[in-house]
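The values are calculated or read from the model by the stated rules, or taken from the named source; none is laboratory data. Given the structure is predicted, the values throughout are model-derived calculations rather than measurements. All Cβ positions, glycine included, derive from the backbone under ideal geometry; neighbour counts span all protein chains shown. Note: accessible area is taken over every heavy atom of the protein model, side chains too, but ligands, DNA and RNA are not part of it. Shrake-Rupley method; radii C 1.70, N 1.55, O 1.52, S 1.80 Å.
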Amino acid sequence: PQQQVMAGASLGLDYLFLILYPLCISQACRYLAAARQTGVSSRLNAGLLIARLQLVASPLDAIENTVLLMEFVAPESMKQWATVAWCCAVPKFFIIVIGLLYISIGFSKHACTVPQSGFHRD
């Protein structure tokens with residue numbers, strides 16, 4: 001019983017985060033796409049596509065969470081729903097990883113091109 005309460009509370013918190021993380025990742029992708037748009041429109045398009053895809057991760061996460069919550073209510077019917085949860089979780093994680101990779105690469109490139117004012121080596 002205590003494990004079920006903890007799992008339910010964890011899923012409840014996940015509903016909060018499924019709103020926050022796609023917005024944060026999406027905004028970071030949009031920022032980097034706009035910052036890197038000088039001359040290469042394909043980078044801008046890729047960044048904006050990845051930003052939009054992050055918003056698809058949220059409903060996938062919500063469906064996955066709902067299916068997992070259903071396991072507490074009717075565990076006997078979960079066999080048919082386990083596939084639905086898996087089919088939502090796999091693309092969700094793929095989309096998130098692509099966004100985080102874009103951000104990591106973009107910020108590392110952006111950090112290398114931003115001039116460091118006020119710091120001089122003699």
Q) Filtering the range 49-87 down to residues that are of a type in the set (S, T, N, Q) and over 19 Å from the mean Cα position of the chain (by Cα), which residue is least open to solvent (accessible area, probe 1.4 Å)? A) SER77
Q | SER77 of a type in the set (S, T, N, Q), at pLDDT below 85 and part of a helix (DSSP H, G or I) | A | yes
Q: Name every residue in the range 77-113 that is out of contact with any Asp or Glu (no Cβ under 6 Å at 6 or more places or on another chain), touching a residue at least 12 places away in the same chain (Cβ under 8 Å) and within 20 Å of GLN4 (Cβ to Cβ), in order of residue number.
A: TRP81, ALA82
Q) Do any residues in the range 54-76 that are closer than 11 Å to ASP14 by Cα have Cβ atoms under 8 Å from those of residues that are open to solvent by 60 Å² or more (accessible area, probe 1.4 Å), where the two are at least six apart or on different chains, and which pairs are they? A) SER58/ILE19; ALA62/TYR15; ASN65/TYR15
Q: Return yes when VAL84 is farther than 16 Å from LEU18 by Cβ and in a helix (DSSP H, G or I) and no when it is not.
A: yes
Q: Could you check LEU18 against (1) closer than 22 Å to LYS109 by Cα; (2) open to solvent by less than 50 Å² (accessible area, probe 1.4 Å) and say which number it fails?
A: (1)
Q. Across the range 68-102, which residue is farthest from ALA33 (Cα to Cα) among those that are of a type in the set (D, E, K, R) and in contact with a helix residue (DSSP H, G or I) (Cβ under 6 Å, 6 or more places away or on another chain)?
A. GLU71
